[in-house]
Amino acid sequence: MRRKAGSALCFGLVLCLEVGALGVTAGQKVNIEGWIVARQGQSLTVRTIANSDITVLLTSYTKVQVPRGLFKIRKTSRQVSELLPGLRINVKGVGDTRSQIIAESVRFYEDDLRTARAIGSGVTTLQSQVAANTQQIAANHESAQQKIAVNRSNIQSNQQQIANLDQRFSDLTQYLVKYKTSVYFAPGSSTLSAAAQEELRRLARETQGKQGYFIQVKGHTDSSGSASFNQDLSMRRAQSVMAYLQESGNVPLTNILTPAAMGEARPNASNGTPQGRATNRRVEVTLLVNRGLADNKVLYSAK
């Protein structure tokens with residue numbers, strides 16, 4: 001079991017309850033655990049185990065880490081861009097004069113990051129799992145009854161997980177789509193064309209003067225090649241877009257969510273024609289803004 005047990009867990013829970021009930025005083029050493037429910041640049045809103053929201057500030061000295069090894073003693077440094085809404089984290093830091101936490105370190109686990117990515121990208125749906133299970137039953141009649149029982153169990157488990165995640169991350173609805181576009185790629189390539197670069201510059205201009213925004217990047221492929229190759233290719237395409245936005249569009253890395261690799265799973269058109277395959281070789285880029293700031297006409301005037 002990866003979470004520490006016994007007195008250490010009790011101490012952590014008590015500390016979370018104190019933070020939620022009393023706030024944080026200046027200079028107070030704090031160690032909390034909770035979920036990111038919102039992020040604006042270098043500021044995180046974290047919902048603690050005690051169901052209280054607290055602001056966590058990231059600095060250039062904040063260490064973002066993932067525990068490694070059998071006993072989770074070794075740690076690997078990670079990017080700030082991986083701190084997604086919906087991610088469960090542990091924060092160590094010190095309180096400031098505004099009852100906020102200045103983070104010294106932020107830790108999370110790989111499986112929690114995968115969960116947060118799945119929520120943000122909508123990669124997995126219950127319907128697709130049911131369809132895959134049905135195909136497996138038809139392909140293997142000898143163990144049909146056993147597979148049906150397993151499928152029913154999986155469906156019930158998926159339904160419970162979906163219900164839990166919907167409850168946990170209901171605050172993610174505070175973001176609105178401000179701008180959405182797609183850029184397209186040549187077969188087997190992750191190189192941005194001139195047209196793609198121009199479209200990304202146009203999106204980057206939309207971010208100028210704005211606060212409280214994120215850019216979501218999803219890479220896709222057509223059905224050519226193996227599933228593993230397409231998964232890798234879709235990630236390389238998404239990373240090309242992210243790098244261009246940062247280097248040529250002057251978009252801070254902290255405002256770009258971790259790119260999602262969708263492979264060939266979400267086609268826009270049939271892969272049976274050259275035109276359809278060209279449409280599917282894409283990266284979808286979405287500009288999301290905080291609902292409260294989007295409604296502020298000073299920051300986001302109508303165009």
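If I filter segment 64-94 down to residues being under 22 Å from the mean Cα position of the chain (by Cα) and in a loop (DSSP other than H, G, I, E, B), which single residue comes out as nearest to Ala243 (Cα to Cα)?
My answer is Gln79.
In segment 54-76, which residue that is free of Cβ contacts under 8 Å to residues at least 40 places away in the same chain and under 14 Å from Arg107 (Cα atoms) is surrounded by the most Cβ atoms within 10 Å (Cβ to Cβ)?
Among residues in segment 54-76 that are free of Cβ contacts under 8 Å to residues at least 40 places away in the same chain and under 14 Å from Arg107 (Cα atoms), the one surrounded by the most Cβ atoms within 10 Å (Cβ to Cβ) is Lys75.
Answer yes if at least one residue in segment 114-126 is in a helix (DSSP H, G or I), basic (Lys, Arg) and either touching a strand residue (DSSP E or B) at 6+ places or on another chain (Cβ under 9 Å) or modelled with pLDDT of 80 or more (or both), and no otherwise.
Yes, there is a match, as at least one residue in segment 114-126 is in a helix (DSSP H, G or I), basic (Lys, Arg) and either touching a strand residue (DSSP E or B) at 6+ places or on another chain (Cβ under 9 Å) or modelled with pLDDT of 80 or more (or both).
Within segment 277-291, track down each residue that is buried (at least 16 other Cβ atoms within 10 Å of the Cβ) and over 13 Å from Phe185 (Cα atoms).
Hits for segment 277-291 are Val285, Thr286, Leu287, Leu288, Val289, Asn290.
Is it the case, given these coordinates, that Leu233 is more than 28 Å from Ser43 (Cα to Cα), in contact (Cβ under 8 Å) with a residue 12 or more places away in the chain and buried (at least 22 other Cβ atoms within 10 Å of the Cβ)?
Spelling it out, Leu233 is indeed more than 28 Å from Ser43 (Cα to Cα), in contact (Cβ under 8 Å) with a residue 12 or more places away in the chain and buried (at least 22 other Cβ atoms within 10 Å of the Cβ).
Looking at segment 173-196, which of its residues are crowded, with 16+ Cβ neighbours inside 10 Å, modelled with pLDDT under 90 and among the polar types (S, T, N, Q)?
Answer for segment 173-196, where residues must be crowded, with 16+ Cβ neighbours inside 10 Å, modelled with pLDDT under 90 and among the polar types (S, T, N, Q): just Gln174.
Which of the residues spanning segment 202-223 are in a loop (DSSP other than H, G, I, E, B) and small (Gly, Ala, Ser)?
Passing the criteria: Gly209, Gly212, Ser223.
Would you be able to tell me the number of residues in segment 197-229 that are over 25 Å from Gln40 (Cβ atoms) and surrounded by fewer than 22 Cβ atoms within 10 Å (Cβ to Cβ)?
Of the residues in segment 197-229, 10 are over 25 Å from Gln40 (Cβ atoms) and surrounded by fewer than 22 Cβ atoms within 10 Å (Cβ to Cβ).
Check off (1) under 14 Å from the mean Cα position of the chain (by Cα); (2) loosely packed, with under 15 Cβ neighbours inside 10 Å for Ser248 and give me the number that stays unchecked.
(1)
Condition (residue is outside the structural domain of Thr258 (by TED's automatic domain parsing), assigned to a helix (DSSP H, G or I) and acidic (Asp, Glu)) applied to segment 95-105: is it met by at least one residue?
Checked segment 95-105: no residue is outside the structural domain of Thr258 (by TED's automatic domain parsing), assigned to a helix (DSSP H, G or I) and acidic (Asp, Glu).
Among the residues of segment 43-63, write down those that are over 22 Å from Tyr213 (Cβ atoms) and not in a strand (DSSP E or B).
Of everything in segment 43-63, those that are over 22 Å from Tyr213 (Cβ atoms) and not in a strand (DSSP E or B) turn out to be Ile49, Ala50, Asn51, Ser52, Tyr61.
Which of the residues spanning segment 199-230 are under 18 Å from Arg266 (Cα atoms) and over 17 Å from the mean Cα position of the chain (by Cα)?
The answer is Thr221, Asp222, Ser223, Ser224, Gly225, Ser226, Ala227, Ser228, Phe229, Asn230.
The values are calculated or read from the model by the stated rules, or taken from the named source; none is laboratory data. Since the model is a prediction, treat every value here as computed from it, not as a measurement. Note: ideal-geometry Cβ built from the backbone for every residue, glycine included; neighbour counts use all protein chains shown.
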